[in-house]
Every structure is written in C-alpha cells, then in structure tokens.
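Peer 1: What follows is a single structure, and I will ask about it in a moment.
Each reported figure results from applying straightforward, stated rules to the coordinates on display, with no laboratory input. In this text the structure is predicted, and so the values were computed from the model without any measurement. Here the Cβ positions follow ideal geometry from the backbone for every residue, glycine too, while neighbour counts run over all protein chains shown.
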Amino acid sequence: MSATPQAQKLFGHAEENNYLKCSSGIKSWLFTLDHKRIGIMYLIGVTVALFLAGIFALILRSELFTGDENFLTEAQYNQMFTLHGAIMVFAFIIPSIPAALGNFVLPMMLGAKDVAFPRLNLASFYLWMFGTAFLLTAMLTNGLDTGWTFYTPYSITTTTAVIYATMGAFILGFSSIFTGLNFLVTVNTMRPKSMGWFKLPLFIWSLYATSIIQILATPVLGITLLLLIAERVMHIGIFDPAYGGDPVLFQHFFWFYSHPAVYIMILPAMGVISELISVYSHKKIFGYSFIAFSSVAIALLGFLVWGHHMFTSGQSQLVTLVFSAITFSVAIPSAVKVFNWLATLYKGSIKLVTPMCYALSFIFLFGIGGLTGLFLGTLSTDIHLHDTYFVVAHFHFVMVGGTLTALLGGLYHWWPKMFGRMYNDFLGRVGCFLVFVGFNLTFFPQFVMGSRGMPRRYARYDPEFEIFHQASTIGAFILGIGILLAFGVLVHAVFFGRKIGGNPFGAASLEWQSSSPPSFHNFDHKIHMNAPYDFGAMVYDEEMDTYIQRDFVTPESPEVPAAEPTKA
Amino acid sequence: MLNLIGLLAQTESESLVPEAPAYREGSYWFPEAASTFAKDVDPLFMLIFWVSLVFFAGIVGFMIYFVIKYRDRPGHKVEKSASHNTALEIAWSVLPGFLLIWFFVDGATGFFNMRVTPGNAEQIQVIARQFNWEFHYPNGDATTELHLVRNRPVEFVMESRDVLHSFFVPAFRQKQDVVPGRYTYTWVKPTKEGVFRLYCTEYCGDSHSLMKTNVTVHNTQEERDQATFYPWEDETPIKNGQRLFNMKCSGCHNNTDVKKTGPGLGGIWGKTETLADGSTVEVNDNYFRESILNPGAKLVAGYANQMPSFQGKLNDDQIFWLRAYIKSLTPDAKIEDELNLPASEAREKVGEADGEKPAAE
Amino acid sequence: MTDSHDHDHGFAHPVSVKLLLSVFFSLVFLTVLTIVLNDLPLGSADIVIAMMIATLKASLVMLFFMHMFWEKGFNVVAFLSSLFFVSLFIGFTLMDTGSYRDDIDSFPEDKQPAPRVPRTAPGVSSNDVRPMPPATLVEGSISPLAKPNPHVRL
Amino acid sequence: MSTVETTADSHDEHDDDHHDHGEFIAHHFDSAEQQFDSGKLGIWVFLVTEVLFFSGLFVAYTLYRYHHPEVFVDASQFLDKVLGGINTVVLLFSSLTMAWAVRAAQLGNNNFAGKLILITMVCAAAFLGIKAVEYSHKWDLYILPVSYYNYMEGYHPEAETGGIAGALNISKWLVTLSMLPLLCLALFSAGALFMAATGKRLMAQFMLALAIMMSGYFVGAFAGQTYQNWHEANLAAEEHAGDHGHDDGHAAESATAGPDSTSERPPQIGVFFSIYYCMTGLHAVHVIAGMAALSWLYLRCLKAHFRPDYFGPVDYVGLYWHLVDLIWIYLFPLLYLIN
C-alpha cells in the first residue's frame, strides 16, 4: 500500500515549522502562549515536584525501617510527611495529567488551534510556579508540620510556616481553577462544527468532568485557606475553639474541596486509560457513552460524599449515615469504566507495548485501590480502619497506582507526538515492571498493618509492625528506581530516539493527524474529521513508517470543514 | 532545609510511653478481638474481602486471558464485536449495587452499635492533651493508663485540651476523635482479659507517635480498683509529684534537661534563666508557682507562650508535690527533710514552718 | 423588550434605556421597602421576607442588567448551577450542627462524676485551652490591632 | 479528495465577513462571535467560582447565626442601616450605569460608554469611602474580630486633639484609611497635569478620570462622616432628653471600669464581627479589583476600541461588576437588617 503524494506532504516533517523549533531562545518559552509549550513546561515542573516529593517519601520510608529513631527526630519526620503530602497533592498530582498532558493534547484532540484563553493558560503555569515557590519557602524557612490537610486547631498553634504553605496552596488552587476554566470553555466553544459532543475522545470527556470539579470545588479551598490564614493571624473564631470556633467545621470546608479534588486526580487518569486501552487493542472502545457519562457522574457525585473523611471526627450520626450511603454510589460509575475497558480488550488485537503495560497495570492497581475503598465506605469497618495505614495504602493505590501509572502510560503514548522520537520500548517495559512490583511491595503490606491497627503519621511504632514496614521500605526503593528508569528512558528518547512519523500507533483521534512534533499551528492542513476510535480508517504505510488515513489511498472521502464553531 | 538542620542538634528524650504489650494475633488481618464490636467489624470486613477478591480475580483473570488470547501477532486480526451492549452495561452497573446496599446496611447497623451507649455503662472521663492521655474513674481515681473491667460496658466522655486527638484501641475496633471545644463520646464492652494498645490516631504534633498507652482489662472490679488506686496521702511528696508530672506535664516537659515543647525540668532548680525580654530570673519557689498559674508572665527566651494556665486545675497540695519532684530532679538542690515523709505528714510540717496550712481547694 | 432587538447588531443585544431605568428604580424601591419592613415587628418571618426581597432584587439584576433574559441556555445553567452547589455545601454542613457546642466548660478535674450533658450557661468559656485576651483597654496604645498576639507566626 | 488539497491556514477563509477589523480577533479564533462566546462563557464560569468562593463565608454565617441568633441580633445594632442602605443604592446605581455602558458599547458609542464607566468608577470609590467611615467608627469603639473585640458599653472615643484627625474632628482610623486614596489622588492629579503638559492628551484624560474616581472616595467618606456626626449628635441629644444619667462623665467612668461591662454580652459577639469583617472585607477587595478593571475599560473607551461586533470586555467586566452588586444585595440584609 502506498500513500498519495498529498499524504506524504501531510505527514512529512516540517522541521522549521514545528512548535519546538519555530522560535528559539529562553524568552520564546517563558512568554509563549502556545498550549504545547506550556504543556511541556508544566510537565517539567510537575516532574521536578514529583522527584522532590518522592525523595521525601524515600527518606520517610528509610526512617521507618525500624520502629525506633534512625536518623530523623519526630519533628523532622512530621515535616517530611507533611511536605511529601502537600507537594505531591497540590504541586504534582492535581496539575499532572490535566495541566501537563491535557494542555498538550486537548486542543489538538478537538481540532482547535489553541485553548480558548492562551494568556490565562500561561498565567496558570506561572501561578503554579509561584504556589510551588511558596511551598518551598515554607520548607526552607520553618518547615511545615500540619499534614497536608491543615487541620485546625493544630495548624493555628504550631510554630511552623503555615502561612507560607497555605498561601502556596491558595495560589496553586487558582492555577488549577484557571486550567479548569480554560478547558471547559475550550471544549464548549473551540470545537469545529463537525466535532459533536459524542465524537470527543474519552480523554476530553474526563478532562471536561475534571474542569467542572476544578471550577466548583477549588474556590472553596481558596476561602478555606484564607479563613485559616485570618484565623492564624488574628483569631477570628470561626475554626479556633479557643474563641468559640468549631474545628469540625474546618474539616467540612476542607473536604468540600478535597474530596472532589480526589476526582480531579483520578478522572483524567481514567481518561488516559480509556485512550490507551482502545488504541493498543486497536478496537473501538466498548460502551463509549457509558464511559463518558460515568466521568460526569463521578464528578457530580464527588460533591456529595466529602463527609466520608469524617466518620470518626465527631460529625453527627445522621450526616455520617447519609454520606456513607452516597459514597457507595460512586463505586458504580468507577466499576462501569473497569468493565468497559475489559470488554474493549475482548476480541481486540492487543499490543503489549509500554503504554499498554501501564494501562493494564493501572487496571490491576486501580482495581485494588477501588475495592479497598469499599472497606472504608462501610461505616463499621471504617471506624476501625480510619486513620490507619489501611487508608494510606488505599489512597496510594488510587493516586500512585492510578494517577502516576496513567501519567506514565500517557507520557509513553504521547511522547512520540511531543518530540517526534521513539523511546526504547524494552527498557520502557522494564521500568513499568519495576514500578508495578515496587509499588505492590510498598503498599500491599500497609493494608495488613493498617487493619492490624498501625496508625498513620507515626514516626515511631510498635515492634509487631516492623516486618511489614521493612517490606514496604524495600518496595519504595524499587518503586523509586522504576520511576527513575521510566523517566530516564523518556529523556533518552528526546535526544537519541529514532525519528518517527505522525501516527506511529495507528490511533484515530485528531492529534495524530498532525506531524510529530506538531507544527506551531497544530495542523498544517485541513483536519479529516473521523470518529476517535475508528481504527479501521487507519492503515499502515511502510514507506512512511506511519499510519495514515485509509482515505488517502482510496480517494473518496467525506470532507468536513473544520471551521465554524458550534454554539456553546 | 535550615530548620531540619537546626533540629538535628536536638536529641530524643526518654519516653514515658509504657512498654508495648505483646501483639495478640486474632486472624491474619486483625489483632485479637477484645470487645463486642469485633463481631460487627470482623465478619463484615471478611465478607467485603471475599466479595472484592472474587471481583478482582475476575477482572484480572479476564484481563490476562484476553491479553494472551487476543495478543497482536502475525495473522491475528481484530474480530468484529459489539461496540456496546446496553443490557449488559446496565446489568453490570446495577447488580453490584445490591451488594453495596448489603454492605451499607450491615455497616450502618454495626456503626450504631458502636455509637449508641447502653444505659448501664459506667462513665470514664478521658482528657487528651499533647501528648498523653488521662483517665478519670467514677471513684475519683486518675491514671495515665486505662484500666477496664471485663464484660462491663464503659462510656468514655472525651475532651481535648489543645488540638484534635483520636482514641483508638485496635483490639476493641473502636475509634473516636477527641475534639477541643466539644465533648465526644464513645463506648466499649471489653470481653477479654489482658493488656492492649491504645493509640492517638489523629495527628496532633511533634510527639504524636508517642501518644500511646496501654489498656488493661481486669477480671473484676476489685482488681481494677487496686490497679487505679494510688495512696496520695501515704506516699512522699516527691513520688506524688512524679505521678502528677507524668499526668500533667510530661507531654511538654522532660524530667531531664533536654528541651521538648517546653524546657526540660531536670537540674533546673536554682538556675538563673534568661527571659524573652532579656531580664533574668532565678528558678525558685515563687517563680515555679507563677509559671504554673500564669505561664505567660515570665517566658524563658526561646519558647513560645504555649503552656495553659493551671489556675484552678491544681490545688496547693498538688503544686507543692510537683515542686518537690522538680526539686528532686536537681541533684545538688537541698531537699527538705519533710519531702521524704508521707504526704499527709509533710503537709503538717510545712504548715508549721510557714505558719499557715496550704488550703486544699 | 421588543425595542431591545430593534437593530441588527449581530450577537449584541442592547437593552433599552427605559428598561434599565425601570429596573434601577424597582431595585431602589425594594431596598427602601426592605429597610422599612425591618423596623416592623415581624418576628422570625423577617429573615424570610428580607431574603425573598433580596432574591427578587438579585433576579432583577441578573435578568436585565446581566442580560440573562437573552443569554444562551448553557451559560444560564452554568451560572445557576453554582447556587445548587452552594446549597449542597450549606445544607450538608448545617445538617451536622447538632453535635456542635461552643460553650462547654472544661471538665472539673477534681470533682466527680462528669456531667453527661455539659453546662450551657452563656458566657462560660473554656479557659484551659488558651485564655481570652484580657478585656481591658491597653493604655496609650495607638491601635488595638497592635496588641501583641503570641500566636502570630509565619 | 479536497481534504488533502487544502493545506495550511484554511481557517482564515472563514473570517471574510470580519476581516475589516480583525485586529481584535486572536489568531486562534475563527470569528468574532466565537471569540465573544468563549469570553462570555469564560466570564460566567468565573462568576461561578466567585459565588463558590463567597459561599464559605455564607456557610460560616449561617452556622453561627443558627447557633447564636441572640448574638446576631445584638451585634447588628452596631451596624448603621442608613449607611448600609446608602451604600446599597450607590452600588445599584453603579450597576445601572454599568449596564448602560454595555449598551453604549454595543451600539459603538465609545464616548458615552466611557462617561458611564467613569460614573461607575466614582460610585465604586464612593462605596469604599462610606465603608471606610463605617469601619473606622467601629475600630474607634474596639468593635473588632473576636480576639480583639473589646467594646465597652458607654465608651465614647474622645476626638484626637492633635494632628489631622483632631483638626478635622474625625476618627484617626478614617485618616489612616484615607491615606492611600489621598496618595493615589495626588499621584493621578500630578500625572494628569504632567501628561497634559507633555501633550499626551489621551493619557492626561485617563489620569484625570482616575483622579476623579479617587475623589469619589472622598465624596463618599465626607457624606458618610457628615451623616455619622449628625447621627451621633442626635443620639446624644436623645440620651440627654431621656435623662438616663448617661452623661459624659459616667461614660468615661464606665470606660475605665473595664471588663465588667463587656461580660454582659456573650463572648461570641466578636464572632459576628469576625464574619462581618471577612465578608465585607472580601467584598471590598472585589470592589477594588472592579475599579482596576473599570479603569482599563475606560482607557479602551478613550481609544474607541468598541463596536457592535467587539464589545466583549465591557460586557465581561460588566457581568463581574453586577456580581459584586449581587453579593452586596445579600450581604446588606444579612448583616445590617437583623431583628
């Protein structure tokens, strides 16, 4: 099969025109309004945050190798876990997939030239920088030892740099709002006319659902942190019991944001997995509309369940009951997604390349993370498991086993698009294997510890937990090596990878119609609007070493102009 | 990371946490069940566990099977299959729902058992503070370790003096946060004799991980009373002071010269301290008393004004005992003779010497 | 409102001056009304009435000043959905107020037994946690905000 | 087939009907209407975040009012309904002029839109002026957030005998609060003169508008203070006529008497003022942000940027300004009108 000359023109490299090379100099990056460059800058930023917080995690795990003091005092340990949590949550996980991957991919998937508000996009990145800088300032001045949750009254009385840290989280919140607002408007108004809602790739649906949460929940975090700062500076008596305030009210405020924020972290990951499973099974995703609506359902239900973080906090029993009941309802849309992914595998043609390995390991780990959520949503078992290592293991299975795995899978999937070069697939799979094994070894023992009663946030522990902690620590180092290898393979590919064509994986969503790396305007040609999972429309062209539209070899194709926007 | 470097200089203090009792394994997942709640929690946990395992095995099993069977290989093609199947999708959305309802109902029932105290329960007051527990029994005894009677339901009326804490006994499967500014309640009916661990599970500051103590379940009321009884009048003021110190002060002060949240109190008697405003003060009877009743008045340089006032919380006898103990921590301080007499006699002696009797509140 | 579409302005929908003015005067009237009603002895109904008037005013502003009357359905839904989420926030949080007490006394440590139902006398504050600042004027202080507060730390 | 043949920049051909004023269409939009729709949805969504941002304070308000209705009734007596009412009307009027400015911009009448925006700016500043009078009066009486709350029955702050405050017979707090507006007024006036002297007419006009805006603050503060003085005098006269014996000497005495007089009020009364200051303070921050945005609009009006197919910025800032008004519409009865 050989491509038409026109097709060659489409997928040929336009070196001088691609977004990486169209302009140069540090300013062309720092002041860029191009969503792709902002995405890359975000990616570098969140990776630095990941490694920083990851180092904290390894220090923590080393300290916990035995139950007595090894090399950290209790105060130092508390600062370590707080900074690990705060940086991971606010500076890494929340912006990771939406702001880094999403920024790069979303407009291209839509067939748009850019997001709706490029300046706001850049502002979001700089707010991220400022917010992270504030968190680091807290770390370098007086430390922070409140836990990432900033629970009052401890956060009012501690001598550490709570105000810097809360300012940091506040600013990061606005960064997140800006990204969400931008994406929501982009999806609504920047679609070409022929890009209907049900032609959107599922990653966009999940980002859209994420944006809804970012817009509705994050402002509440903002006001909560402002009130906390006011409380600390001048004791306004809203959260401070010494002046008639209510500490449990703070928890309501905090979790009104932070529970939906959990879905900010996981929904985009689910979107990535939907793409990966479908592309590498080379089969149309099963139950498109169920997956799409389950994203929105999770986003909305996420606002109704925050009280399940507070079952033992002293909130009233009626509220506890209501929140527990609603919590179970969130399980259903999540389960729907998993079943649909399985059904997509069925009768497909499964390529076990690195991104697919990550996707399968996501299903495994997220399966455990999700199912262990049942123990915590159930009231009587939660009373026992609350604030133990069981909870720690549960959310790490979801956040690391889920989001980080999906981020890595997504990076391996879109890396050739971002840089036009292919990574070493074998080493990629080795990295994936190490991450998988290390992760399970780290966190599985924590389930056992937790149900046996090991409380979280403990610098010193009783001897019966030692064996589990040691397994966990060894696992953490394997996990660390795995992540390092995974990123190493990617970075190596940028400089030494084999150059590849526009669509090496035969994916059908629109971003693959651009050249790799894409040109400054994303598409040098009119977009061919095909369905996002219509892999039958893609054929492999040996001459160009890339997949191209079947239409490019068989002349008749319905032309769809990509111009007039749809009504919002 | 300047602060961390600064903290390296500080060494760990001697721990007042009681020795951990031997872990008594109940099942692979749980410690030995020592309260009635275990029958609410453990079977439900195992039920969810097996249901989850079946689902998980199914998911992963199918996943691996599909990956092997439909792997991309020469000659293998995507087979035609439905792009969606509404009936199937609704089925796998709805059917697990019934299981979830079961979990919810079962869990809620257990939860109400754990939260609604039976009428015949005895009440024990729990005071949580950074970083120790204090238990007050109906007969007036007070301890820092918890003592219970087997098969007698007991309600804990809990109050925090500073920040959030949480009362957790894994063997009892019971947990409740202790919230400043309100009372929280929880109850338990111990069913096994023995010693178990009690943890604080709500992060509460530097020594959060040392805020743990033991729960001893006794067979009879007599044994319990014996364990909690402390003959204040017959012991020496120094010993009384030590006991009080462990209850009230050890959360923030060491009995050595090592700094904790507050200054270490070992060897401090007679020393001259520099205050925050640059002036100095000698640690003597008057300064000691003032520091307890009005801690903010003369702050030693380098410390925040964090200590609560004990005005009305400690009577004169108790302050006297504490003073005796603190004094005894300084090797070269002159210990008055009466400090080695039983407390009741010491009180009379001191009264004679001062020409007045310390008024008990 | 017919005159608001008198010209073809593409996607612009200028609102007539007459309408703007009448909305403004209705708003002023409602403001005066709510102040006047506030002085009448209406009992506990006054908050309801005041909120109803406020909502009426808010609707007028939204419909005509903010052009919601002519706005795209999606934008209207998007904005009004915020009210739904605010009500969720308020609703769930208020459901949980039963267990809250702000005026509990500390346990009397030397007296037994503990009160099952805490005292509810007003003005009793927990003084064991941190004392209220002394309620006296600081002599010669320039500013009440300049009072030293030991808990302020960055 | 044609798909392949059309190459780069195919989007541009759809801009034909607007190409005469394409300079305001960003490169990534296909049409003015798409740009407008995006901006419009964006600003609505932004307003959603604003509503949720304020919602936390409303939750705190509802919770504490639910628990301490008596405190709220008691405390709201310290808030002056008349000043609050005047401020409401000032904001409503500014909303009117803003909505009118949108109309003018939609019709392409930049000149008129600019004037209306200027009125809006002045109203915003006047609002802050009146607010400053209210704040300073409370600070004089030590009516502050709970930890600083120190009000004593019968205490009348003596007017400062020296300094500006003494000369003007007003609160020293009002003087302090007015320093920044005064500085801005001076700067903007000087800027206007300088620009006029160097022949930059447009910037001179802009600076002049900013100066006029800042003087709005002083109009508000003056009006508020005049009312306040009149009200105080009235109260004093009433007190005297009622012969309750609360003459000045007695008041001074009770002021020094200290804590006894405060103990009559529940300690939570300060929480009301915590919430009051948080709510009105946050609202005031939004007013200030609005003034900045309005100033920017005014400049663009001077440059005659707006026309029937490009008036988005006026519309967006207008929506924001109306939201600020909306929030005040609720704050006013919630804080000032409690019985």
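Peer 1: How far apart, in nanometres, would the label points at D:Y227 and B:V300 be if each is projected 7 angstrom from Cα along the Cα-to-Cβ direction?
Peer 2: Result for the modelled spin labels: 5.7 nm.
Peer 1: What residues qualify as long-range amide H neighbours of A:R498, i.e. H under 5 Å apart, gap of 5 or more or another chain, H built at 1.01 Å from N?
Peer 2: Placed amide hydrogens put A:M422 under 5 Å from A:R498.
Peer 1: Moving on to the next point. Just the projected area, averaged over all directions, of the convex hull on the alpha carbon atoms of the range B:237-354: how many nm²? Let's see the in-between values first.
Peer 2: Working: hull surface 28.2 nm².
Here the figure is 7.1 nm², rounded to one decimal.
Peer 1: Could you list the residues of the range B:194-232 with an amide nitrogen less than 13 Å from a label point located 7 Å from the Cα of B:D141 in the Cα-to-C-beta direction?
Peer 2: B:216-232
Peer 1: Here's a follow-up. Report the calculated FRET efficiency for D:A196 and C:F11 (r = Cβ-Cβ distance, R0 = 35 Å), to the nearest 0.05. Intermediate results must be reported in sequence, preceding the final value.
Peer 2: Details: r = 39 Å, r/R0 = 1.11.
Here the calculated transfer efficiency is 0.35.
Peer 1: Which helices of chain B meet both criteria: a Cα extent of 15 Å or more along the helical axis and a mean Kyte-Doolittle score no lower than 0.0, with helices taken as whole DSSP H segments?
Peer 2: Details: long enough: B:38-69 (45 Å, 1.70); B:86-115 (43 Å, 1.07); B:316-328 (18 Å, -0.35); B:343-354 (16 Å, -1.17).
Passing helices, by number: B:38-69, B:86-115.
Peer 1: Per Stokes-Einstein, at 10 °C and 1.306 mPa s, what whole-number D in µm² s⁻¹ belongs to the range A:477-525, with the Kirkwood radius over Cα pairs as the hydrodynamic radius? Please list the in-between numbers first.
Peer 2: Details: Rh = 12.9 Å.
Value of D from the Cα-based Kirkwood radius: 123 µm²/s.
Peer 1: A further question follows. Could you please state, rounded to a whole Å, how far the C-alpha centre of the range B:258-316 is from the C-alpha centre of the range B:99-140?
Peer 2: Here the two parts' Cα centres lie 38 Å apart.
Peer 1: Related question: Report the gain in length on full extension from A:E542 to A:F433: 0.36 nm times residue separation, minus Cα-Cα distance, nm rounded to one decimal.
Peer 2: On the way: separation 109, 0.36 × 109 = 39.24 nm, distance 3.09 nm.
The A:E542-A:F433 span can extend by a further 36.2 nm.
Peer 1: As a test of the formula, what do you get for chain B when each DSSP H run with n ≥ 4 contributes -39,500 (n - 2.57) and the sum is divided by the residue count, at 222 nm and rounded to the nearest 500 deg cm²/dmol? Could the numbers behind the result be given before it?
Peer 2: On the way: 8 runs with 119 residues, N = 361.
Calculated mean residue ellipticity at 222 nm is -11000 deg cm²/dmol.
Peer 1: Equivalent-ellipsoid semi-axes (√(5λ), Cα gyration tensor) for the range A:32-264, whole Å, largest first? Kindly include the intermediate steps, with their values, before the conclusion.
Peer 2: Details: eigenvalues 237, 87, 41 Å².
Whole-Å semi-axes of the equivalent ellipsoid: 34, 21, 14.
Peer 1: Which cross-chain or sequence-distant (5 or more) residues have an amide H under 5 Å from the amide H of B:F167, H modelled 1.01 Å from N in plane?
Peer 2: Amide H neighbours of B:F167: B:Q176, B:D177, B:V178, B:T201.
Peer 1: Continuing with this model, one more query. Can you tell me the convex hull volume per residue for chain B, based on C-alpha atoms, in Å³ to the nearest whole number? Present the calculation step by step, with values, prior to reporting the outcome.
Peer 2: Numbers: hull volume 81.1 nm³, N = 361.
With only Cα atoms used, chain B gives 225 Å³ per residue.
Peer 1: Calculate the FRET efficiency for D:F112 and A:K499 from the Cβ-Cβ distance with a Förster distance of 60 Å, rounded to the nearest 0.05. The partial results should precede the final answer.
Peer 2: Numbers: r = 60 Å, r/R0 = 1.00.
My answer for the efficiency is 0.50.
Peer 1: Moving on to the next point. Return the ratio Rg/(2.2 N^0.38 Å) for chain A, where Rg is computed over Cα atoms only. Mind showing how you got there, number by number?
Peer 2: Numbers: Rg = 23.6 Å, N = 568, 2.2 N^0.38 = 24.5 Å.
Working it through for chain A, the quotient is 0.96.
Peer 1: Apply 1/(1 + (r/R0)^6) to the Cβ-Cβ distance of D:N169 and B:F62, taking R0 = 60 Å, and write down the FRET efficiency to the nearest 0.05. Write down the numbers at each step before the final one.
Peer 2: Working: r = 85 Å, r/R0 = 1.41.
Efficiency for this residue pair is about 0.10.
Peer 1: What's the center-to-center distance, using Cα atoms, between the range B:161-207 and the range A:145-160 in Å?
Peer 2: What the calculation gives is 20 Å, centre to centre.
Peer 1: Let me ask something additional. Starting from the 7 Å offset along Cα-to-Cβ, what nm value, one decimal, do you get for the label separation of B:D316 and C:V32?
Peer 2: The modelled label-to-label distance comes out at 7.2 nm.
Peer 1: Further question on the same structure: Residue by residue, what Karplus-based ³J(HN,Hα) values in Hz, rounded to whole numbers, does the range A:515-527 have, using 6.51, -1.76 and 1.60 with θ = phi - 60° and x for Gly and Pro?
Peer 2: Going residue by residue, I get 6, 10, x, x, 6, 4, 8, 6, 10, 8, 8, 5, 6 Hz, with x marking Gly and Pro.
Peer 1: Give me the distance between the Cα centres of the range D:75-147 and the range B:59-79, rounded to whole Å.
Peer 2: Result: 68 Å between the Cα centres.
Peer 1: So how much slack lies between B:S279 and B:E19, counting 0.36 nm per residue of separation and subtracting their Cα-Cα distance, in nm?
Peer 2: On the way: separation 260, 0.36 × 260 = 93.60 nm, distance 4.24 nm.
Fully extending the segment from B:S279 to B:E19 adds 89.4 nm.
Peer 1: What are the residues whose amide H is under 5 Å from the amide H of B:W269, where those residues sit 5 or more places off or on another chain and H is modelled from the backbone?
Peer 2: For B:W269, the qualifying residues are B:T330.
Peer 1: Could you derive backbone 3J(HN,Hα) for the range A:55-62 from the dihedral phi with the Karplus parameters 6.51, -1.76 and 1.60 (θ = phi - 60°), listing whole Hz in sequence and x where the residue is Gly or Pro?
Peer 2: Each residue's phi maps through the Karplus curve to give 4, 4, 4, 5, 4, 4, 5, 5 Hz.
Peer 1: Treating only the Cα positions of the range C:2-72 as identical point scatterers, give the base-10 log of I(q)/I(0) from the Debye formula at each q in 0.18 Å⁻¹.
Peer 2: -0.74
Peer 1: Which shape class applies to the protein assembly as shown: rounded if a/c is under 1.5, otherwise prolate when a/b exceeds b/c and oblate if not, where a ≥ b ≥ c are the square roots of the Cα gyration tensor eigenvalues? Each step should come with its number before you reach the end.
Peer 2: Details: a/c = 2.06, a/b = 1.19, b/c = 1.73.
In terms of gyration-tensor shape, oblate.
Peer 1: Okay, next question. Would the range B:48-100 count as rounded, prolate or oblate if I go by the C-alpha gyration tensor, calling it rounded below 1.5 in a/c and otherwise prolate when a/b exceeds b/c, oblate otherwise?
Peer 2: Working: a/c = 7.08, a/b = 1.57, b/c = 4.51.
Cα axes put the range B:48-100 in the oblate bin.
Peer 1: Can I ask one more? Just the projected area, averaged over all directions, of the convex hull on the alpha carbon atoms of the range A:247-345: how many nm²? Numbers along the way, then the final one.
Peer 2: Values: hull surface 25.0 nm².
Computing the convex hull of the Cα atoms and averaging its projections yields 6.2 nm².
Peer 1: Give the lysines reachable from A:K284 as a straight Cα distance under 17 Å; neighbours fewer than 8 places away on the same chain don't count.
Peer 2: In chain and number order, the partners are A:K199, A:K337, A:K347, A:K351, B:K77, B:K80.
Peer 1: What percent does the relative contact order of chain A come to when contacts are Cα pairs within less than 8 Å and at least six residues apart? Show your work: numbers first, answer last.
Peer 2: Values: 1009 pairs, mean separation 109.6, N = 568.
Reported as a whole number, the value is 19 percent.
Peer 1: Separate question: Using only DSSP helix segments of four residues or longer, with each worth -39500 (n - 2.57), what per-residue ellipticity at 222 nm results for chain A after dividing by its residue count and rounding to 500?
Peer 2: Values: 18 runs with 343 residues, N = 568.
Result for chain A, helices only: -20500 deg cm²/dmol.
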